[in-house]
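Notes follow once the structure below has been shown.
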Amino acid sequence: MRYLLNSAVITAEGVYEYRLVTPAEAREWLRAGGWVSRIGYPQTADHIEKLSGVRPELSREASPMEVGDEALVVRLKYRVTDPGQKGAVPIGPEDWEYGILRRLR
């Protein structure tokens with residue numbers, strides 16, 4: 001399974017690998033398709049759409065990763081103190097980080 005996440009969440013005991021990727025690699029991963037969105041914030045979905053031309057659905061469902069699953073993590077480099085301010089705080093392209101999370105075993 002391939003997931004699209006807004007944080008690198010470890011949902012079960014196991015061994016994971018996480019590595020940062022470039023915006024170009026993230027764009028390629030998104031455009032390849034076959035992923036399930038677990039993006040919970042409209043602002044994150046907006047950014048993903050600007051980056052890739054693909055609009056992810058909003059979903060706050062769990063993403064129980066099994067061995068062999070991977071996820072593209074699209075997250076802010078910093079924590080917004082008040083989540084209610086997330087849309088009001090100016091966020092630029094340089095404020096985002098991209099990574100691939102894989103469950104190895």
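The values are calculated or read from the model by the stated rules, or taken from the named source; none is laboratory data. Just so it is clear, the model here is predicted, and its values are computed rather than measured. Cβ sites come from the backbone with ideal geometry, for glycine too, and all protein chains shown count toward neighbours. These accessible areas exclude ligands, DNA and RNA; they are computed on the full protein's heavy atoms, side chains included. Shrake-Rupley method; radii C 1.70, N 1.55, O 1.52, S 1.80 Å.
Remark on residue 16: its backbone amide H falls under 5 Å from those of 104, a criterion applied only to residues 5 or more positions apart or on other chains, H modelled at 1.01 Å from N.
Using a ≥ b ≥ c from the Cα gyration tensor of segment 30-84 (square roots of the eigenvalues), is it rounded, prolate or oblate, where a/c under 1.5 gives rounded and otherwise the larger of a/b and b/c decides, a/b for prolate? Here segment 30-84 falls in the oblate category. DSSP finds beta bridges in the chain, and of those with both partners inside it, around 60 percent are antiparallel. For segment 1-53, how big is the tail of P(r) above 15 Å, as a whole percent of Cα pairs? Percentage above 15 Å: 53. Result for the chain in a Gaussian network model with C-alpha springs under 10 Å: among 21, 67, 36, the largest mean-square fluctuation is at 67. Computed over the chain with a Gaussian network model linking Cα atoms closer than 10 Å, the most mobile of 24, 62, 71 is 62.
Solvent-accessible surface of the chain, averaged per residue with a 1.4 angstrom probe and all protein chains in place: 58 square angstrom. The GluC sites (Glu not before Pro) of segment 21-60 meeting both criteria, a DSSP state outside H, G, I, E and B (loop) and at most 13 other C-beta atoms within 10 angstrom of the site's C-beta, are 57. The trypsin sites (Lys or Arg not before Pro) of segment 1-102 that DSSP puts in a loop, and whose beta carbon has at most 10 other beta carbons within 10 Å, are 60, 77, 79. Helix 23-32 and the longest principal axis of the C-alpha atoms of the chain enclose an angle of approximately 60°.
Between helix 42-52 and the chain, what is the angle of the helix's C-alpha long axis to the longest principal axis, kept within 0 to 90° and rounded to the nearest 10? Taking Cα atoms only, the helix is inclined about 80 degrees.
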